[in-house]
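The values are calculated or read from the model by the stated rules, or taken from the named source; none is laboratory data. Nothing here was measured: the structure is a model prediction, and the numbers come from that model. A quick note on method: Cβ atoms are made from the backbone with ideal geometry, for glycine too, and the neighbour counts reach across all protein chains shown. SASA here: full protein model, heavy atoms, side chains in, ligands and nucleic acids out. Shrake-Rupley method; radii C 1.70, N 1.55, O 1.52, S 1.80 Å.
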4 protein chains.
Amino acid sequence: MTRGVVLVDPLPRIVDLIMEPDVRNRLERLGRVVISEDRPMPAEQVEELLPDTVLIFGQTDMPRERLDRARNLKAIINVESNFLPNVDYQTCVERGIWVITPAAAFAPPVAEAALGMALDLARGITQADSEFRAGNEQYGLAGNKTTFRFAGAPIGIIGFGDLGRQFRDLIRPFKNFVRVFDPWLPAEVITRADCAPATLEELMSESQVIFVFASVTSDNQAFIGAREFALMKRGAAFLLMSRAAVVDFPAMVRAAETGHILVATDVFPEEPVASDDPIRSTPGILLSAHRTGGTRDAFYALGAMAVADAELIMKGLAPQLCRRADPMTVGRFRSKPVSVS
Amino acid sequence: MTRGVVLVDPLPRIVDLIMEPDVRNRLERLGRVVISEDRPMPAEQVEELLPDTVLIFGQTDMPRERLDRARNLKAIINVESNFLPNVDYQTCVERGIWVITPAAAFAPPVAEAALGMALDLARGITQADSEFRAGNEQYGLAGNKTTFRFAGAPIGIIGFGDLGRQFRDLIRPFKNFVRVFDPWLPAEVITRADCAPATLEELMSESQVIFVFASVTSDNQAFIGAREFALMKRGAAFLLMSRAAVVDFPAMVRAAETGHILVATDVFPEEPVASDDPIRSTPGILLSAHRTGGTRDAFYALGAMAVADAELIMKGLAPQLCRRADPMTVGRFRSKPVSVS
Amino acid sequence: MTRGVVLVDPLPRIVDLIMEPDVRNRLERLGRVVISEDRPMPAEQVEELLPDTVLIFGQTDMPRERLDRARNLKAIINVESNFLPNVDYQTCVERGIWVITPAAAFAPPVAEAALGMALDLARGITQADSEFRAGNEQYGLAGNKTTFRFAGAPIGIIGFGDLGRQFRDLIRPFKNFVRVFDPWLPAEVITRADCAPATLEELMSESQVIFVFASVTSDNQAFIGAREFALMKRGAAFLLMSRAAVVDFPAMVRAAETGHILVATDVFPEEPVASDDPIRSTPGILLSAHRTGGTRDAFYALGAMAVADAELIMKGLAPQLCRRADPMTVGRFRSKPVSVS
Amino acid sequence: MTRGVVLVDPLPRIVDLIMEPDVRNRLERLGRVVISEDRPMPAEQVEELLPDTVLIFGQTDMPRERLDRARNLKAIINVESNFLPNVDYQTCVERGIWVITPAAAFAPPVAEAALGMALDLARGITQADSEFRAGNEQYGLAGNKTTFRFAGAPIGIIGFGDLGRQFRDLIRPFKNFVRVFDPWLPAEVITRADCAPATLEELMSESQVIFVFASVTSDNQAFIGAREFALMKRGAAFLLMSRAAVVDFPAMVRAAETGHILVATDVFPEEPVASDDPIRSTPGILLSAHRTGGTRDAFYALGAMAVADAELIMKGLAPQLCRRADPMTVGRFRSKPVSVS
């Protein structure tokens, strides 16, 4: 009996980035592994392998014509963690081909960093270090004139997917009242996590610390703008952890610059940020270069989740760790291809 | 019937610092309140009030001779949160006079800041902001070359009193293995909190992040020195949150300066720190000017705890929130008077 | 504009059983509601309504021919919580018709009862009451000769779906080491819940309390039999909470009868149990008449989850609360139609 | 140097009941151990040993005259877990002799059993087993006509010492609103545990399940009587877990008998209960023969806590696990000597 082909076409990732040796070994046991990681797999190679391919790890284009030739294909596992319009999702669904992505691998490090950055804004950690180095430090209560306790502060979470929910669990010991705005979810999902469903307006105006974990869709670009920032309490904190496009970025920067709110951001409209971008010297913003998710452990988790679900699929079982591409909703996402790992 | 005197002699605190209006009102209901807060209460006033005094809030000297005249005294509540040798503790115990302090009021803000500072060191938050402002930021994985995840990292806690235990509860969602070194405690107290008792050596050498929450006693001055820092793993983090005197401070600074470990400290051998102290430009140290505990809410909690326990004592019940001065152990503490609130 | 038809064909449930007034009102807002609950909806009525039907709540047969006529159908929501072979699941998938069920509604009451029954076996609660009434009670330590503490005891969970995971969260304060056997899941799902993946043999032989939460499939009928019960420690407890068919039921009863283990069961091979079934007088078994899931709140949750997901689907969003029927795995389940609510 | 005497006079306990071999070995290292466990240590032996005694484990009478002769005594550790008026507590305090008891050892098993008994009443577990055996079982919803979910039900806790607090932590996953009545505590202790301070009236009338964990004092005998039971909601549950004397026991039995409430009790006014006591056939009461605390692990914990604190005391440190006898409050307790272990 011949073993099926496991087609690995992982750019912008490479295999060693996402798989530790033991996971790589498990990958090898799934079939005959063929890898292209110095460049996207050339069309002729793809075409040649397709009839024997059982699994695709990567972002190979898979239009209807290719699917027609991939008669043994069981799953396409997107390891960029972005569903792009280069796959005929509807045909995959009809033929029982799983199209999945281990995107949740990045949730744990982002949630952790979000808490770190929130505690930084609340308690003035980076600010205090900077003042100390400048010789302007204030001791005791004098050093807490503009700080607040994160514990017990009203929190707002915008976007309550994997990331939002993991973050929620991380802050349980702080006993906050947590409002959630997520128009894609029923109230039950929010209340079961001991949070309160809220409108965007209520969340913006009542929260002391607001976290944006929402994905970009066709409907929500720049949905948080000057009007929303104006609703925030003076001195409240706003952390942008997911995608720059969901906010009116210049409005956010202005709200920090004027001292109305404190801001932390891990994402920017264009990355890398221009060397002369004035944000580099704007006060009241904690800057992070799209680096909260991209930790070594997260990339390894990405590969481990992908392989674990591939193992289930090869046994005829449903994947348990990756998210599925739903043809009905995938078209709404507005992710850009990842240019830096 | 005349009401007893409530003698309030709170310096270096003042009443408005530690009591919100409702707590102040509860104080007034405990007796006839006499306050001296612009200066320590003059001896003649103390002497005059003593026979009618039922409660002392503050740091009034109370040697045997004064206790002999304070026949109605039920409690001395130290609101500096430091037991100094100006009270005859043994005589208080013999006469059933409670001597207590609401020192635990500072534990919640310090624990919160300790987590914030630890996440800062682990994930490089202040460092990344600084690099971004200097135009040297690194995106994605490149920005994580020297960072590590706090979640799951082996943790060491030195000193497991109120502060250490509250901190332990704060990090539960991170699922760390936590070692505790505290020679004043039986193993049961440590294991019940889901931690492992450890020797100082084991803790120093096996932990990725180490927190010092220990008080200074006659036995433990500078007990963490060059030898102990050398035991630490390269790149591990050390956070000094309680008293500078428990470490060999110059050795700690050197360990950071050489890049062996990351350090954060909220305390210094002399405060305020001299304007030309080289620590102000030492890399690898996150600096905080003894400000993690002194938040407004902590001072209010101090007053609220003091008054709540006073209420119990006036009803003939045992205090529940403050710590007692044990004559047998109080002498070991080496706290200095608080010079800044 | 005409509103679509919401076809409600809920037997063996009825609408008032599963929907409180506010949920019923939300149902009415989804379209023109047509209900048949005194009998399954007659074929001619179904045929007439199909072209305008947008949602089906219930167990209506939906073969290919009917789906061909239901051109506006968006979802079939099974409120019996059993996927039976009366729906063409593959065609539904191809056409983007959601087929879902709020089966998880029963998990919370079953998990709660499972803990209650486990504490009963561990601490001898029903047994002690019975001895007291018979005049044979034993006080203090003498009353604990055969009991054990649930806290800290090694636990085994067989089947780690909604129910198993909710149960796991319910026992967190008891700090048990928890082994899980579930061949449909990758290790990651189990370890993330702070449990250890185990083989069936290891779980049976090492656990002090074993819970069966597994569904019946074509592969696992009677997979726990005499050999497995023999592996259990003397005096350990076995709780059958999901389906009788997963165990060799007579072997389980024998293991209790001989005093080898303690047993609790909520399910039986035939229900109702025959009036002369000897199990009614078997010692060592705690009996429950398939009643742990069927609480009033669970039925209401069933309806609320069904309607909440229908609301999402009508807005073009993915359901969030119900489980989907996967054509590839649905055929493996061996559930029987529900005969009693 | 001669080793001090460790006087062990533990009746009604015996050493092997409370100390596992490793703890016994630690006891031996504390000094020269002299045990009397077949009978209370005879006066002449006590008198002879007193001058050299450093530790007493047990209930030896220690009036002033004996304390005067016990010049090396550091601690009296009561292992019956009841402070009786046979010790001159005031003199002990004056001389720095610790008088302590590891009473909290019984809290974990009682808390666990309290939850088991509460789930039994709420979900009808013993009742359902009994009906099944009688051939009257009801399946599904019909079997839940009088049951309720413990999860989410409003809970009342009367007495919030070690036991009440441990119980509170055990039920956290059930997400109840918890009211606490404890007139010896300030509100802070209650709210920190995420409970609401309440009056007895409010607690009785608003709770679905009420737990009595209060000790008996001179002030609270029979403080829960017919008036309080009448305040309870029909069908609510009342669990008496601490001391029979805090309730009007006949009134409690009547409230169960009439079907007004469900009751579970682990304690009785006279123990053992008379063989013809009508409570043995009263419906609506779950009976337990003062056996929820007396588990083997609890007795071993008692001994381990006693020895661990003795080790600290011998090092000049404060005990950490046992409760102290406060001369000012110890006189209020109205415990009876323990007649059965």
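Some notes on this structure:
- Using a 7 Å projection from Cα along Cα-to-Cβ, the label point at residue A:234 is separated from the same position in the remaining copies by 5.1, 5.7, 7.7 nm, smallest value first.
- Residues in the stretch C:111-126 occluded by at least 30 Å² - accessible area, probe radius 1.4 Å, against chain by itself: C:112, C:116, C:119, C:123, C:125, C:126
- Paramagnetic label zone (point 7 Å from Cα along Cα-to-C-beta, residue A:3; backbone N under 13 Å) in the stretch A:37-54: A:54
- Positive minus negative residues near residue D:54 (Lys, Arg vs Asp, Glu; Cβ under 11 Å): +3
- Accessible surface of residue A:165, taken over heavy atoms with a 1.4 Å probe and every protein chain present, rounds to 90 Å².
- Cα centroid separation, the stretch B:1-65 to the stretch C:60-131 (Å): 67
- Linear extension gain, residue C:47 paired with residue C:134, 0.36 nm per residue minus alpha-carbon span: 25.0 nm
- Distant-in-sequence amide H partners of residue D:196 (H built 1.01 Å from N, under 5 Å): D:178, D:179, D:180
- The accessible area of residue C:65, taken with all protein chains in place and a 1.4 Å probe, comes to roughly 120 Å².
- Surface per residue (accessible, 1.4 Å probe) for chain A, Å²: 39
- By the rule of a C-alpha distance below 28 Å, with chain neighbours fewer than 8 residues away ignored, the lysines paired with residue C:145 are C:175, C:233, D:336.
- Nearest-to-axis residue in chain D, judged by Cβ distance to the rotation axis that brings D onto A and given in whole Å, is D:172, 5.
- Label-point separation in nm, residue A:38 to residue A:230, each point 7 Å along Cα→Cβ: 5.8
- A cut-off under 13 angstrom between Cβ atoms defines the neighbours of residue B:135, and their net charge, with Lys, Arg +1 and Asp, Glu -1, is -3.
- Residues whose amide H lies under 5 Å from that of residue A:33, counting only those 5 or more places away or on a different chain, are A:6; hydrogens are built 1.01 Å from N in the peptide plane.
- Per residue of B:95-103, other chain Cβ atoms within 10 Å of the residue Cβ number 1 on average.
- Exposure rank, largest accessible area first [B:218, D:36; 1.4 Å]: B:218, D:36
- For the peptide C:173-186, the mean number of other protein chain Cβ atoms found within 10 angstrom of a residue's Cβ is 3.
- Label zone at residue C:146 (point 7 Å along Cα-to-Cβ), backbone N below 19 Å, the stretch D:77-113: none
- Accessible surface ranking that places the most exposed of A:60, D:258 first, with a 1.4 angstrom probe: D:258, A:60
- Per-pair calculated FRET efficiency, R0 = 22 Å: residue B:193 and residue D:188 via Cβ, rounded to 0.05: 0.60
- Estimated FRET transfer efficiency (residue D:205, residue D:300; beta-carbon r; R0 60 Å; 0.05): 0.90
- Note on the protein assembly as shown: semi-axes of the ellipsoid equivalent to its C-alpha gyration tensor, largest first and rounded to whole Å, are 54, 44, 29.
- Only helices enter the 222 nm calculation for chain C: every DSSP H run of n ≥ 4 contributes -39,500 (n - 2.57), and dividing by all residues gives -9500 deg cm²/dmol, rounded to 500.
- The other copies place their residue A:42 label points at 7.0, 10.0, 10.5 nm from this one, listed shortest first, where each point is 7 Å from Cα along Cα→Cβ.
- Panel note: contact residues of the stretch D:257-298 (accessible area lowered by at least 40 Å² against the chain on its own; 1.4 Å probe) correspond to D:280, D:287, D:289, D:291.
- The mean count of C-beta atoms from other chains within 10 Å of the C-beta of residues in C:159-171, rounded to a whole number, is 1.
- Amide H contacts of residue D:264: D:238, D:239, D:240, D:286, each under 5 Å away and 5 or more positions distant or on a separate chain (H built 1.01 Å from N in the peptide plane; Pro and chain starts excluded).
- Kirkwood hydrodynamic radius over Cα pairs of the stretch B:106-287, then Stokes diffusion coefficient at 10 °C and 1.306 mPa s, in µm²/s: 95
- With semi-axes defined as the square roots of five times the eigenvalues of the C-alpha gyration tensor, the equivalent ellipsoid of chain D measures 42, 21, 18 Å, largest first.
- Solvent accessible area, Å² - residue B:300, 1.4 Å probe, full protein context: 50
- When D:194, B:38 are compared by accessible area at a 1.4 angstrom probe, the order from most to least is B:38, D:194.
- Surface share of carbon and sulfur [accessible, 1.4 angstrom probe, percent] for the protein assembly as shown: 51
- Pairwise burial C:D, computed as accessible area of each alone minus the pair, summed, 1.4 Å, Å²: 4800
- Between copies, the label points of residue A:82, set 7 Å from Cα on the Cα→Cβ line, lie 4.8, 5.7, 7.4 nm apart, reported in increasing order to one decimal in nanometres.
- At R0 = 22 Å, FRET efficiency that the Cβ-Cβ distance of residue D:257 and residue C:280 yields, to 0.05: 0.20
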